[in-house]
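Structure record follows, encoded as structure tokens.
The values are calculated or read from the model by the stated rules, or taken from the named source; none is laboratory data. Bear in mind the structure is a predicted one, so any value in this text is a computation, not a measurement. Don't worry about glycine lacking a Cβ; one is built from the backbone with ideal geometry, like all the others, and counts go over all protein chains shown. Just so you know, the surface numbers come from the protein's heavy atoms only, side chains and all, with ligands and any DNA or RNA stripped out. Shrake-Rupley method; radii C 1.70, N 1.55, O 1.52, S 1.80 Å.
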Amino acid sequence: MTTLSRFEIHQPGSVAEASQMLEHYGDQAAIYAGGTELLLAMRHRALSYQHLIDLKVIPGLNAIEARDGVIEIGAACTHRTIESSSLVREKQPAFAELESQVANIRVRATGTLGGNLCFAEPHSDPATMLLVLGATVRIQSARGTREIPIEKLLVGAYANHLAPGEILTWIVVPCAKSNHRAAYMKFQIHERPTLGLGLWLETPNGGRTLTAARVAVGCVSPFPSRASSAEALLTGSRAKVEKRLPEAAALIADGADLVDDHEGSAEYKRHLIDVFLRRTFHKAVPS
Ligand SMILES: Cc1cc2nc3c(=O)[nH]c(=O)nc-3n(C[C@H](O)[C@H](O)[C@H](O)COP(=O)(O)OP(=O)(O)OC[C@H]3O[C@@H](n4cnc5c(N)ncnc54)[C@H](O)[C@@H]3O)c2cc1C
């Protein structure tokens, strides 16, 4: 492993100041949160910056708050903070559970949710689940704040929708309701997941009938995506939906841009989608 080249760390007092720093230093600067991806990429000379803007020192960005049916998670919250948050466990337990399965304890204690989403490493977990939970993200720069659906943030492998000077500040996740069921399952044999599948179902009667569904798949393609074409097959009586799962899995696989990579062939990933749609369905609505 090579050594890091010299860089300067800047500690802004606010998001606005951090954004001004980003604009001032241009291509020479990047946001530095947990550094678990950034410093590795810099060490391997895949990325090079002379100025790192430390997000973790900005007051408030590591908070988790609940209001008006949503939980707001500061972008600088570590995976560990989120998995152990009593608020997240209570209001959106499926997401707290997902966070407890990200990487290993050392990465979770340092890596942040914002860093995970912005780095957009294709073999990541949270974005897939945030898609089915209907999350939005708040983005701030010196010019102001805007909020977009998570879908819009995800534009490609190692690519996000942020414009120069923009910073992801909050991830806004709708709270679970008593008539909702949500589950995430992943399959992993190497350091990063091979597949992640998120499922959200609306059921007025404890799982016997499903009146709305959202499903998303990640890690098998350059970036996670919802499989809207399969969602109609996931509504109706539980018994009927269960029979349609192979058909729904085939549609999910058809709609995902399945890639051959070090985790396996596209055909293998098609098979995994079939297996994990069934498993995730049974986890969300046990018989
Ligand atoms: C060994 C290992 C195993 C892993 N396994 C998994 C896994 O199983 N599942 C999974 O999902 N992930 C996994 N990861 C990825 C891990 O979740 C991320 O490394 C971590 O969350 C990234 O956050 P960070 O704060 O360290 O980001 P950093 O490394 O600090 O930043 C990453 C990138 O995002 C930018 N950035 C960071 N925050 C912001 C922001 N708020 N606004 C704008 N830009 C920003 C930075 O400029 C940089 O380009 C693994 C990582 C490692 C090293």
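Structure notes:
- None of Arg108, Arg45, Arg80 is open to solvent by 50 Å² or more (accessible area, probe 1.4 Å) and either in contact with a strand residue (DSSP E or B) (Cβ under 7 Å, 6 or more places away or on another chain) or assigned by TED's automatic domain parsing to the domain that holds Thr136 (or both) except Arg80.
- Among the residues examined, Gly198 does not qualify as modelled with pLDDT of 95 or more, of a type outside the set (A, V, I, L, M, F, W, C), in contact with a Pro (Cβ under 6 Å, 6 or more places away or on another chain) and surrounded by 24 or more Cβ atoms within 10 Å (Cβ to Cβ).
- Every residue from region 128-143 that is at pLDDT 95 or above and open to solvent by 20 Å² or more (accessible area, probe 1.4 Å): Gly134, Thr136, Arg138, Gln140
- Pairs where the first residue, in region 202-213, is in contact (Cβ under 8 Å) with a residue 40 or more places away in the chain and the second is hydrophobic (A, V, I, L, M, F, W, C) and crowded, with 17+ Cβ neighbours inside 10 Å, C-beta under 7 Å, 6+ apart: Thr203/Leu210; Thr203/Val285; Gly207/Val285; Leu210/Leu201; Leu210/Leu234; Leu210/Val241
- Flag for Ala230 being part of a helix (DSSP H, G or I), at pLDDT 95 or above and crowded, with 22+ Cβ neighbours inside 10 Å: yes
- Some residue of region 144-160 being modelled with pLDDT of 95 or more, assigned to a helix (DSSP H, G or I), more than 11 Å from the ligand (Cβ to nearest atom) and surrounded by fewer than 23 Cβ atoms within 10 Å (Cβ to Cβ): yes
- Any chance Val70 is away from the ligand (no atom under 12 Å from the Cβ), surrounded by 14 or more Cβ atoms within 10 Å (Cβ to Cβ) and within 19 Å of Glu147 (Cβ to Cβ): yes
- Some residue of region 89-104 being open to solvent by 30 Å² or more (accessible area, probe 1.4 Å), near the ligand (Cβ under 7 Å from one of its atoms) and within 20 Å of Ile31 (Cβ to Cβ): yes
- All positions within region 24-52 that are away from the ligand (no atom under 11 Å from the Cβ) and within 26 Å of the chain's Cα centre (by Cα): Asp27, Arg43, His44, Arg45, Ser48
- Test set (1) of a type in the set (Gly, Ala, Ser); (2) surrounded by fewer than 20 Cβ atoms within 10 Å (Cβ to Cβ); (3) touching a residue at least 12 places away in the same chain (Cβ under 8 Å) - Ser86 fails condition number: (3)
- Among residues of region 194-209 being in a strand (DSSP E or B) and under 25 Å from the mean Cα position of the chain (by Cα), the one that is farthest from the ligand (Cβ to nearest atom) is Glu202.
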